[in-house]
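Inspection log for the structure reproduced underneath, given as structure tokens.
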Amino acid sequence: MPLQRHFLRGFCASAIALLLAACAAPSNAPTPSPLPVVKNSVGVATQWRATAGDKAEFLRFLPANLGDLLIVAGSPDRLTALKLATGGTQWQVKLESPVAGGVGAGNGVIAVGTLKGKVYAFSADGKPLWQAQASSEIVAPPAVGDDVVLVRTGDGKISALAISDGAVKWQYTRQIPTLTLRNFAPITISDGIAYTGLPAGHIVALSMADGRTMWDSVVSQPKGATEVERVADVVSPPLVNGGSVCAVSYQGRVSCFDRRTGAVVWSREASSFSGIAADGNKLFLTDDQGHVRAYERETGRSVWDQDKLAARIVGAPAILGGNVAVADYQGYIHLLNEDDGSFVAQLATDGSRIAAAPQTFSDHLIVQSQNGGVFSVGIK
């Protein structure tokens, strides 16, 4: 995940070489752990495989679900609807410019953003509905809900577009630090509130109706002597779970808040640019070293730490059949036991990095690789 100075690409810093794989010398990065040898005790298999588009280095496109369809954005400018059950192509459209943030879906509408800040909306059958021009590049998947499409742009704005015609209903603007991580994180919508992680370690709750700030809380305070050391951005989607909303920052903390007031429920030191997931009474996190960790969801007590994937550029966790699923830079999917973090299964895909977080829809774990492959994985 590259750093940005006023959102200009290509700024590199050896202090975070793992994040800057695109521009840092290989010698700066830690040596990846060897692939764990796993004897599968859980029957995991590929249900189907499809293609989203061409090979796309460093993109983090997330698939979106709309009814019985899986919507995938592919490099450079392809939008495809697949049948969730089989992977068969339902329809496909070619956009006028390259896709940037990815695709979002909801309320019967599909929205996708481009490098030039154009937002396109389509119906469930692939028919164009409207176009809108945002203020800059769309950096994250649009979020669709409550009759609006939320788009996040590279200049720090969140814009709510009317789901009917793309007209701007409200905007939220936040001053951003000089140095930030490039934020691919989608906005989380729940019960009329949009939760989003921000640079400098903040999480904000916005009213979907009018963009009013319901609360603004600190996941972690930036600290350190240099700009690089003070990067503490929240760059993964907040997780709403029961009465709390949780988030994790880079070089900071993992924290859970009361979703009504924003008051801190618990907070622990952690650093992640991948994200978190929850199941039952546990919260799971992939840290910036490639460790997968489990915490007690109500208290934040550490439960286990799986370190055998260190430096394998492991993505965010997801839940499949009561197991924790993570994917790495070689395209392997690893299933871990929720109770103790032990490996229970392993599955290869196409050998390329899976940067985006796996998505669980019904009994399908969907992963999208940087070679453009889309895989549905299930428990036999």
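Data table
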item: Tabulated pairs, the stretch 164-180, first surrounded by 13 or more Cβ atoms within 10 Å (Cβ to Cβ), second at pLDDT 95 or above and in a loop (DSSP other than H, G, I, E, B), C-beta under 6 angstrom, 6+ apart or interchain; result: Trp170/Asp210; Trp170/Gly211; Tyr172/Gly211
item: Matching strands (runs of 3 or more DSSP E) fully within the stretch 44-117 where at least 1 residues are open to solvent by 50 Å² or more (accessible area, probe 1.4 Å), over 27 Å from Thr153 (Cβ atoms) and not hydroxyl-bearing (Ser, Thr, Tyr); result: 44-51, 78-83, 89-94
item: Residue in the stretch 210-224 that is under 30 Å from Gly300 (Cα atoms) and crowded, with 24+ Cβ neighbours inside 10 Å present; result: yes
item: Tabulated pairs, the stretch 72-84, first over 12 Å from Gly101 (Cα atoms), second open to solvent by 10 Å² or more (accessible area, probe 1.4 Å) and basic (Lys, Arg), C-beta under 7 angstrom, 6+ apart or interchain; result: Arg78/Lys94
item: Residues (over 20 Å from Gln251 (Cβ atoms) and crowded, with 16+ Cβ neighbours inside 10 Å) located in the stretch 285-297; result: Ala294, Arg297
item: Whichever residue in the stretch 150-189 is modelled with pLDDT of 95 or more, more than 19 Å from Gly102 (Cβ to Cβ) and among the hydroxyl-bearing types (Ser, Thr, Tyr) and, among such residues, is nearest to the chain's Cα centre (by Cα); result: Tyr172
item: Qualifying residue in the stretch 243-262 (condition: farther than 18 Å from Val149 by Cα, among the aliphatic types (A, V, I, L, M) and open to solvent by 30 Å² or more (accessible area, probe 1.4 Å)); result: no
item: The stretch 203-220 residues that are within 14 Å of Trp170 (Cβ to Cβ), paired with ones that are open to solvent by 70 Å² or more (accessible area, probe 1.4 Å) and not hydrophobic (A, V, I, L, M, F, W, C) (beta carbon under 6 Å, 6 or more apart); result: Met208/Asp146
item: Every residue from the stretch 25-43 that is of a type in the set (Gly, Ala, Ser) and open to solvent by 60 Å² or more (accessible area, probe 1.4 Å); result: Ser27, Ser41
item: Qualifying positions in the stretch 298-345 - of a type in the set (Val, Ile, Thr), in a strand (DSSP E or B) and either open to solvent by 40 Å² or more (accessible area, probe 1.4 Å) or without any contact (Cβ under 8 Å) to a residue 60 or more places away in the chain (or both); result: Val303, Ile319, Val324, Val326
item: Residue check, Ile276 assigned to a loop (DSSP other than H, G, I, E, B), crowded, with 20+ Cβ neighbours inside 10 Å, within 16 Å of the chain's Cα centre (by Cα) and not basic (Lys, Arg); result: no
item: Meets criteria (touching a residue at least 40 places away in the same chain (Cβ under 8 Å) and closer than 23 Å to Val168 by Cβ) for Pro142; result: yes
item: Single residue of Gly341, Gly378, Gly315, Gly322 found to be out of contact with any Leu (no Cβ under 8 Å at 6 or more places or on another chain) and under 21 Å from Leu62 (Cβ atoms); result: Gly315
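The values are calculated or read from the model by the stated rules, or taken from the named source; none is laboratory data. Being a predicted model, the structure only gives us computed values, none of them experimental. All Cβ positions, glycine included, derive from the backbone under ideal geometry; neighbour counts span all protein chains shown. With ligands, DNA and RNA removed, areas are computed over all heavy atoms of the protein, side chains included. Shrake-Rupley method; radii C 1.70, N 1.55, O 1.52, S 1.80 Å.
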